[in-house]
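Enquirer: What follows is a single structure, and I will ask about it in a moment.
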Ligand SMILES: [Zn+2]
């Protein structure tokens, strides 16, 4: 129920996934030198950083971050599947403004809660919620996420996952939308103490936005999720250039090795 439309897989999504995986394989020797025990994870992390240069994992709890990193490593390495983060931790002040804006847009707190929760209830503010992309990656996480205590929570948000180690492998019950299952569904909670002044550590450009700008920013993020992630020409060029550099480095390394072996003979 309320299952959003399926976003068809774009041919370039396959290409991005393949290029990122090739890059991870090429980076493996360097990752092995750096950290022999966790070379695969490190190589995938480097390659994914090039594919999703704008994503930010700061603010997530250590557990959520480790689980997400391990899950996306397996997705890429074993199944060639990309998983990117659209939105992880959110500052309470930002979450409050998103909620207020949704109340204004939808007409009431009750209808706003179908899409956005106030900061006191949002698991994005707690650092355990992750909005992922593209749709195929979210589907992979739905199938394999339990191994990492990562679960889809809402019927109406295919992109929203939460780190729930307390559920011990049993998926937490799925809810139709974020507004269901909180005690305060009927009575919105009082405004939290941080709603007046912005707390420290707030991302400055988000803080400087007026409500219209913030709404456009959030709507853009949602569109980005539906489209399966933004990848501009610059991002692709970075990956291709990095791939060529690594490849040339590898060839040079082999040539030097052959030269050394020949001389030793
Ligand atoms: Zn979310």
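Enquirer: How much length would be gained if the chain were fully extended between residue 166 and residue 241, taking 0.36 nm per residue of separation minus their Cα-Cα distance, in nm to one decimal?
Expert: Extending this stretch completely gives an extra 22.7 nm.
Enquirer: For the residue pair residue 147 and residue 110, what label-to-label distance in nm results when each label sits 7 Å from Cα along the Cα-to-beta-carbon direction?
Expert: Result for the modelled spin labels: 4.4 nm.
Enquirer: Kindly put 125, 245 in sequence by how many other C-beta atoms sit within 10 Å of each C-beta, fewest to most.
Expert: Least crowded to most crowded, the residues run 245, 125.
Enquirer: When a footprinting reagent is the concern and you count Cβ atoms within 10 Å, what order do 98, 114 take, fewest first?
Expert: 114, 98
Enquirer: Right, here's the next one. Say R0 is 45 Å: what FRET efficiency, to the nearest 0.05, do residue 34 and residue 155 get from their beta-carbon distance?
Expert: 0.60
Readers should treat all values here as calculations from the given coordinates under stated rules, not as data from a laboratory. Not measured: the values here are computed from a predicted model. Cβ atoms come from the backbone with ideal geometry, glycine included; neighbour counts cover every protein chain shown.
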